[in-house]
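Here's the structure we're looking at; comments come further down.
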Amino acid sequence: MSKYGPTRGEHLFRLIFSLAGLAFIGVLIAVRGVPKGPGLVEVVGIAGVFFAGTVVLSARALLRGKDQG
């Protein structure tokens, strides 16, 4: 068990929050259509990469199990 770093509960919160963020991006695109210009980079690019990366990192930490706080 690591003395420092996020706990298992924090990783679970990050996973749920990021999955909700990806779902909101999906709903946004379904309702409003694909943004054009800088909106595409901001919404799909930056936010999508942030949420997807957080999902991957949090899921990996949760699957590792005991070595996480």
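The values are calculated or read from the model by the stated rules, or taken from the named source; none is laboratory data. Predicted, not measured: the structure shown is a model, and the values here were computed from it. Using ideal geometry, Cβ is built from the backbone for each residue, glycine included, and neighbour counts are taken over all protein chains shown. Areas reflect the complete protein model, heavy atoms only, side chains present, ligands, DNA and RNA absent. Shrake-Rupley method; radii C 1.70, N 1.55, O 1.52, S 1.80 Å.
All of 8, 14, 32 fail the test of being in contact with a helix residue (DSSP H, G or I) (Cβ under 9 Å, 6 or more places away or on another chain), charged (D, E, K, R) and modelled with pLDDT under 95, apart from 8. Does residue 55 count as surrounded by fewer than 11 Cβ atoms within 10 Å (Cβ to Cβ), of a type outside the set (Asp, Glu) and out of contact with any strand residue (DSSP E or B) (no Cβ under 6 Å at 6 or more places or on another chain)? No; evaluated as a whole, the condition is false for this residue. Being open to solvent by less than 80 Å² (accessible area, probe 1.4 Å) and in contact with a Ser or Thr (Cβ under 9 Å, 6 or more places away or on another chain) is a property that residue 15 has.
Looking at 46, 29 in this structure, which one is surrounded by 11 or more Cβ atoms within 10 Å (Cβ to Cβ) and β-branched (Val, Ile, Thr)?
Details: 46 fails: surrounded by 11 or more Cβ atoms within 10 Å (Cβ to Cβ).
Unique residue meeting the criteria: 29.
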